[in-house]
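Worksheet: the structure to be examined is printed underneath.
The values are calculated or read from the model by the stated rules, or taken from the named source; none is laboratory data. For clarity, every value in this text was computed on a predicted model and none was experimentally measured. Every residue, glycine among them, receives a Cβ derived from its backbone with ideal geometry; neighbour counts consider all protein chains shown. To get the accessible areas, we keep the full protein, side chains included, count just its heavy atoms, and leave off ligands, DNA and RNA. Shrake-Rupley method; radii C 1.70, N 1.55, O 1.52, S 1.80 Å.
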Amino acid sequence: MERNIRRLFHFFLLCTLIAVVLTDSSSTTRRRLRRPSGASRVRDQETSASVNRFKVRNRVSQNSTPIISRKSSNEGSSSSSNDGYKASFVVCYYTNWSQYRQKIGKFLPEDIDPDLCTHIIFAFGWLKKGKLSSFESNDETKDGKIGLYERIRNLKKANPKLKTLLAIGGWSFGTQKFKDMSATRYARQTFIYSAIPFLRQRHFDGLDVDWEYPKGGDDKKNFVLLLKELREAFEAEAQEVKKPRLLLSAAVPVGPDNVRGGYDVPAVAGYLDFINLMAYDFHGKWERETGHNAPLYAPSTDSEWRKQLSVSAAAEMWTRLGAPKEKLVIGMPTYGRTFTLTSTQRIGVNSPASGGGKAGEYTKEGGFLAYYEICEMLRNGASYVWDDEMKVPYAIQGDQWVGFDDEKSIRYKMKWLKENGYAGAMVWTIDMDDFNGTVCGNGVKYPLIGAIREELRGIKRGPNAQDVDWSKVAGSVSTTQLAKPVAIKIPVSDVLTRLNKVKPTASNAIIPIQDLNSREAQVFCYLTSWSSKRPGAGRFSPSDLQPTLCTHIIYAFATLTDHKLASASGTEDQYHKIVSLREKNPNLKILLAIGGWAFGSTPFKELTSNVFRMNQFVYEAIEFLREYQFNGLDVDWEYPRGIDDRASYVNLLRELRTAFEGEAKSSGQPRLMLTAAVPASFEAIAAGYDVPEIAKYLDFINVMTYDFHGQWERQVGHNSPLYPLESATSYQKKLTVDFSAREWVKQGAPKEKLMIGMPTYGRSFTLVDEAKFDIGAPASGGGKPGNYTAESGFMAYYEICDFLHEDNTTLVWDNEQQVPFAYRGNQWVGFDDERSLKTKMGWLKEEGFGGIMIWSIDMDDFRGVCGNGKFPLVNAMKQELEDYTIKLEYQGPYEGTGGGGAYTTKDPNAVTCEEEDGHISYHPDKADCTMYYMCEGERKHHMPCPSNLVFNPNENVCDWPENVEGCSQHTQAPPS
């Protein structure tokens with residue numbers, strides 16, 4: 001019994017102990033899960049302004065460094081703590097062209113401190129055939145040499161937590177490739193499914209999309225679709241291969257118009273892991289007054305529009321539009337933007353400038369200096385100015401002005417960044433900081449990026465690292481602004497009153513300018529690639545061509561290989577010889593033709609049947625043409641036929657012209673020309689040509705007004721009659737030069753763009769009856785082949801000369817058709833000679849067409865065997881066109897965009913409006929002192945000054961001539 005009682009007692013005691021333990025455990029769990037209330041909640045949790053959820057800050061443990069008040073008396077100075085702020089991101093861009101800089105500027109992956117940044121973005125990859133690819137020749141590892149990709153990857157051996165991404169895009173890349181790559185799901189998916197294996201095989205951790213910049217509704221939509229499909233594919237691929245998902249980031253602009261015009265911010269932010277805000281380049285050499293590259297705050301002297309241009313304003317705008325702060329990584333530049341001051345008496349912010357500053361010794365770009373170049377400048381006599389309003393410095397040396405960031409301004413920005421809860425800092429670029437620590441002073445490597453890391457992540461640069469105090473190292477200068485000249489303050493009423501009292505004492509003549517509403521006749525000469533392979537005296541080489549004979553040479557033909565523009569077999573060695581003709585005539589334009597009769601229609605059908613394929617051709621063609629220095633492309637699709645071809649032909653020309661325009665703007669090179677050879681047949685025009693549409697995109701339209709008759713018929717007919725025979729049928733009357741040219745005009749082609757085809761060959765026949773030789777006589781087929789052209793039914797002009805010089809040959813002038821023909825025995829040939837071509841030139845001038853196209857230059861008498869010198873046909877036509885000018889009346893979407901394609905320097909007098917919408921700027925008309933240009937956004941207005949005044953570009957006002965250098969020939973100001 002006693003034993004049983006003891007057992008019960010022990011059991012009761014055991015249950016009691018278990019209950020106590022369970023109670024303690026339960027209460028502990030509840031305490032851990034219970035949300036803080038009252039004051040503790042205010043301190044530890046706050047509602048994010050950009051997303052409706054709690055954002056948790058890390059508590060400070062008893063063993064951690066105490067929080068230092070942000071209200072430090074030493075604002076902007078170094079701190080051993082990161083103020084309780086934990087930023088995930090110190091994102092550093094590395095540029096693969098920094099390897100080419102000289103001396104202390106040369107930068108290699110091995111110069112990177114592996115622990116300096118949390119993310120390194122390799123700039124830039126490229127796009128080839130719509131697929132992600134490398135750009136520099138040594139990006140990839142090959143031939144036993146370790147490439148830049150692998151050398152960046154090797155940094156992970158020292159820092160396994162380092163993330164590396166590859167960037168695609170950038171300013172030089174332009175926008176057009178992104179437009180096309182994102183335009184269709186097919187194009188987007190082609191890119192995406194090339195990018196994933198490309199990134200994985202090279203061990204990148206993600207992709208950075210640098211589209212600069214989407215613009216307009218289509219771009220805005222397509223940018224979101226591109227990011228959406230990238231993110232979806234990255235997610236799916238990670239699940240499939242059981243690897244961490246590839247990261248997705250983007251570099252985005254700070255310009256208000258760029259952001260609103262091209263970015264659906266909430267949608268973009270939803271797909272990106274982080275957003276790199278390019279908070280720099282707010283001002284630069286494109287402006288005519290000094291401004292800081294990256295002010296934290298805008299100066300009070302800025303206009304209301306310019307006050308949007310600051311780091312703080314840009315970040316606030318992105319947040320306001322829907323970007324979560326925890327995804328916004330704020331850009332920090334390790335370079336400055338420079339200007340050349342108009343006057344060394346005005347040196348502050350918003351002082352007049354004539355353009356960008358001098359190029360740096362190492363970066364070699366006008367208006368731009370790396371931080372280490374700025375350090376050299378400051379240590380060699382430049383004056384340092386700290387702007388306490390903008391919280392950034394600038395420097396002046398003579399007429400050179402640079403706005404930049406130093407350690408002091410970086411620390412101010414980091415303090416602001418932490419106070420506002422942004423995700424971290426992005427650096428453009430790691431290779432422009434003082435990476436060796438030998439230039440700026442104090443022996444600190446990466447002084448700027450090191451300061452960022454120190455402020456954001458609490459990692460000190462070194463035990464003895466000190467910021468450089470440039471106010472003590474460099475000189476100082478007063479930035480007091482001088483009063484503006486009185487001229488700008490003269491009321492218009494006073495000016496007019498004074499003018500009425502004074503009689504002009506000098507001529508108000510202006511410098512004559514070129515008439516932009518007319519031009520000379522164009523002479524397009526086709527040169528065939530196979531002419532160099534003709535035997536004996538028929539062989540024609542580029543050296544046989546007189547460089548001043550034609551205004552344009554079109555080399556026929558290139559071909560397609562895998563739907564890309566390529567040289568035909570055995571012709572590539574001719575390209576340099578043809579292009580070198582410009583050495584003797586710099587105004588000569590040389591184009592490359594694709595297509596032709598032998599090429600046929602099918603390759604064009606296949607090319608245009610797929611948008612990706614067609615766009616691939618377009619952008620590969622640009623590279624091909626630029627590589628060989630052609631001035632443009634001639635499209636010889638013979639012939640589009642039917643509704644589908646008709647639309648495809650327009651699409652091809654539109655894509656080509658759009659790309660040519662965009663490439664010219666981004667590259668700074670003259671725009672590539674776009675021409676096309678088109679049929680003369682009214683039936684072919686109706687079957688395949690939307691004439692008004694193609695006229696929009698073509699610079700010139702080469703009408704093939706020949707081959708109206710030939711060996712395919714069983715009666716003789718002239719190759720290229722100007723007019724019809726009176727006795728001809730109604731159908732036959734339409735087969736003439738005159739009717740065809742009029743038909744193109746009737747269908748909507750502007751006369752000024754129409755180049756009328758002139759043949760230097762004839763079509764021959766074999767007569768059935770030698771006694772019947774007039775037009776319409778029966779023929780059994782083509783005439784005998786020429787000795788050199790070796791084609792039945794066809795004779796070059798120099799072969800026709802031989803035919804005419806033989807005995808018993810009869811030459812006939814057809815007065816109705818205004819062309820000659822000749823016969824001997826059963827051989828008959830219809831051709832053009834000097835007389836018929838001069839007649840055609842008279843007709844052409846009377847009708848007002850734009851010029852002539854010659855097929856082909858190599859079939860004229862280039863050796864002078866006919867008796868009238870070399871190239872008698874072409875010279876006869878040129879002589880008739882000497883004093884002929886064409887009125888330019890067509891108003892298409894691309895007219896006046898500077899087509900011509902000459903590889904020459906840009907016209908220094910040209911004014912291009914590239915301002916942001918809503919921004920107004922003024923520019924002098926260098927050809928006329930009394931006129932000026934006002935740019936309103938991208939719109940340009942040509943404005944006159946009041947009578948007897950000239951434009952003063954320094955003050956942006958109309959002023960007295962004696963106040964403006966180079967304009968003193970105009971009426972002087974009246975005496976006071």
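What number of residues in the range 930-968 are part of a strand (DSSP E or B) and under 17 Å from Thr912 (Cα atoms)? Explain how you work it out, then say what you get.
Start the filter on the range 930-968 by keeping residues that are part of a strand (DSSP E or B), which leaves 931-936, 939-944, 950-952, 957-959.
When the remaining residues are screened for being under 17 Å from Thr912 (Cα atoms), the result is 931-936, 939-943.
Residues flagged as part of a strand (DSSP E or B) and under 17 Å from Thr912 (Cα atoms) within the range 930-968 amount to 11.
Any residue at all in the range 779-794 that's within 23 Å of Asn875 (Cα to Cα) and in contact with an Asp or Glu (Cβ under 7 Å, 6 or more places away or on another chain)? Checked the range 779-794: at least one residue is within 23 Å of Asn875 (Cα to Cα) and in contact with an Asp or Glu (Cβ under 7 Å, 6 or more places away or on another chain). Note on the range 234-254: residues that are open to solvent by 10 Å² or more (accessible area, probe 1.4 Å) and touching a helix residue (DSSP H, G or I) at 6+ places or on another chain (Cβ under 9 Å) total 7. Count of the range 261-286 residues, restricted to those that are more than 30 Å from Asp399 (Cβ to Cβ) and either among the polar types (S, T, N, Q) or in contact (Cβ under 8 Å) with a residue 24 or more places away in the chain (or both), is 16.
Only one of these is buried (at least 17 other Cβ atoms within 10 Å of the Cβ) and of a type in the set (S, T, N, Q): Gln715, Gln747, Gln732. Name it. Even if it seems obvious, please write down each step before you answer.
Values: Gln715 fails: buried (at least 17 other Cβ atoms within 10 Å of the Cβ); Gln747 fails: buried (at least 17 other Cβ atoms within 10 Å of the Cβ).
Being buried (at least 17 other Cβ atoms within 10 Å of the Cβ) and of a type in the set (S, T, N, Q) holds for just one of Gln715, Gln747, Gln732, which is Gln732.
Within the range 592-610, restricting attention to residues that are polar (S, T, N, Q) and open to solvent by 40 Å² or more (accessible area, probe 1.4 Å), which residue is farthest from Thr658 (Cα to Cα)?
Initially, the range 592-610 is screened for residues polar (S, T, N, Q), giving 601-602, 608-610.
Filter once more, so that each one left must be open to solvent by 40 Å² or more (accessible area, probe 1.4 Å): 602, 609.
On the way: Thr602: 24, Ser609: 19 Å.
Going through the qualifying residues, I end up with Thr602.
With the condition kept exactly as written, say whether any residue in the range 813-829 is part of a loop (DSSP other than H, G, I, E, B), open to solvent by 70 Å² or more (accessible area, probe 1.4 Å) and out of contact with any Phe, Trp or Tyr (no Cβ under 7 Å at 6 or more places or on another chain). Lay out the reasoning, then the answer.
At the first step, the residues of the range 813-829 found to be part of a loop (DSSP other than H, G, I, E, B) are 815-818, 825-826.
Filter once more, so that each one left must be open to solvent by 70 Å² or more (accessible area, probe 1.4 Å): 815-816.
Filter once more, so that each one left must be out of contact with any Phe, Trp or Tyr (no Cβ under 7 Å at 6 or more places or on another chain): 815.
Among the residues of the range 813-829, at least one is part of a loop (DSSP other than H, G, I, E, B), open to solvent by 70 Å² or more (accessible area, probe 1.4 Å) and out of contact with any Phe, Trp or Tyr (no Cβ under 7 Å at 6 or more places or on another chain), which makes the answer yes.
The single condition among (1) aromatic (Phe, Trp, Tyr); (2) open to solvent by 20 Å² or more (accessible area, probe 1.4 Å); (3) under 32 Å from the mean Cα position of the chain (by Cα) that Tyr412 does not meet is (3). Selection over the range 626-673 of residues that are at pLDDT 95 or above, buried (at least 16 other Cβ atoms within 10 Å of the Cβ), aliphatic (A, V, I, L, M) and out of contact with any Phe, Trp or Tyr (no Cβ under 6 Å at 6 or more places or on another chain) gives a count of 5. Residues in the range 582-609 that are under 19 Å from Phe700 (Cβ atoms), out of contact with any Phe, Trp or Tyr (no Cβ under 8 Å at 6 or more places or on another chain) and free of Cβ contacts under 8 Å to residues at least 60 places away in the same chain: 2 in all.
From the list Ser681, Ser648, the lone residue that is touching a Leu at 6+ places or on another chain (Cβ under 9 Å), farther than 23 Å from Leu591 by Cα and either among the small types (Gly, Ala, Ser) or in contact (Cβ under 8 Å) with a residue 60 or more places away in the chain (or both) is Ser681. On inspection, Asp467 does not qualify as buried (at least 17 other Cβ atoms within 10 Å of the Cβ) and modelled with pLDDT of 95 or more. For Arg613, the test of being surrounded by fewer than 22 Cβ atoms within 10 Å (Cβ to Cβ), out of contact with any strand residue (DSSP E or B) (no Cβ under 9 Å at 6 or more places or on another chain), part of a helix (DSSP H, G or I) and of a type outside the set (Val, Ile, Thr) is passed. For the range 342-374, a residue qualifies if it is of a type in the set (Phe, Trp, Tyr) and either under 23 Å from Ala298 (Cβ atoms) or open to solvent by 10 Å² or more (accessible area, probe 1.4 Å) (or both), and the qualifying residues are Tyr362, Phe368, Tyr371.
Could you go through the range 330-347 and let me know if any residue there is modelled with pLDDT under 95 and closer than 25 Å to Asp257 by Cα. No, the conditions are met nowhere in the range 330-347.
Residues checked against (1) open to solvent by 10 Å² or more (accessible area, probe 1.4 Å); (2) touching a Ser or Thr at 6+ places or on another chain (Cβ under 6 Å); (3) free of Cβ contacts under 8 Å to residues at least 40 places away in the same chain:
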site: Gly170; (1), (2), (3): no, no, no
site: Thr175; (1), (2), (3): yes, no, no
site: Gln189; (1), (2), (3): yes, no, no
site: Leu199; (1), (2), (3): no, no, no
site: Asp205; (1), (2), (3): yes, yes, no
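Total residues in the range 286-304 satisfying the condition of being of a type outside the set (Phe, Trp, Tyr), open to solvent by 20 Å² or more (accessible area, probe 1.4 Å) and over 24 Å from the mean Cα position of the chain (by Cα): the figure is 6. Candidates are the residues of the range 861-899 that are assigned to a loop (DSSP other than H, G, I, E, B) and open to solvent by 90 Å² or more (accessible area, probe 1.4 Å); the one that is farthest from Met758 (Cα to Cα) is Gln891.
Filtering the range 674-693 to residues that are open to solvent by less than 10 Å² (accessible area, probe 1.4 Å), aliphatic (A, V, I, L, M) and out of contact with any strand residue (DSSP E or B) (no Cβ under 7 Å at 6 or more places or on another chain) leaves only Val691.
The residue pairs whose first member lies in the range 550-564 and is more than 26 Å from Phe862 (Cβ to Cβ), whose second member is modelled with pLDDT under 95 and of a type in the set (Asp, Glu), and whose beta carbons are closer than 8 Å, counting only pairs six or more residues apart or on different chains, are His563/Glu606; Lys564/Glu620.
Conditions (1) of a type in the set (A, V, I, L, M, F, W, C); (2) modelled with pLDDT under 95, marked per residue:
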position	(1), (2)
Asp218	no, yes
Glu235	no, yes
Gln239	no, yes
Arg245	no, no
Ala250	yes, no
Gly261	no, yes
Pro266	no, no
Ile275	yes, no
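Among the residues of the range 115-131, those identified as assigned to a loop (DSSP other than H, G, I, E, B) and open to solvent by less than 30 Å² (accessible area, probe 1.4 Å) are Leu116, Cys117, Thr118, Gly130. Identify, please: which residue in the range 90-109 is of a type outside the set (Val, Ile, Thr), open to solvent by 20 Å² or more (accessible area, probe 1.4 Å) and in a helix (DSSP H, G or I) and is, among those, nearest to Gly169 (Cα to Cα)? Looking at the filtered set, the residue picked out is Tyr100. Of the strands (runs of 3 or more DSSP E) lying entirely inside the range 539-600, those carrying at least 2 residues that are farther than 18 Å from Leu672 by Cα and touching a strand residue (DSSP E or B) at 6+ places or on another chain (Cβ under 9 Å) are 552-561.
Based on this model, can you work out whether Thr809 counts as buried (at least 20 other Cβ atoms within 10 Å of the Cβ) and of a type outside the set (Lys, Arg)? No; evaluated as a whole, the condition is false for this residue.
How many residues are surrounded by 24 or more Cβ atoms within 10 Å (Cβ to Cβ) and either of a type in the set (Phe, Trp, Tyr) or farther than 16 Å from Ile410 by Cα (or both) if we restrict to the range 384-394? Of the residues in the range 384-394, 1 are surrounded by 24 or more Cβ atoms within 10 Å (Cβ to Cβ) and either of a type in the set (Phe, Trp, Tyr) or farther than 16 Å from Ile410 by Cα (or both). Find the helices (runs of 4 or more DSSP H) located wholly in the range 159-271 whose residues include 1 or more that are more than 25 Å from Asn651 (Cα to Cα), and list them. Filter on the range 159-271 gives 185-201, 217-241, 256-262, 265-271.
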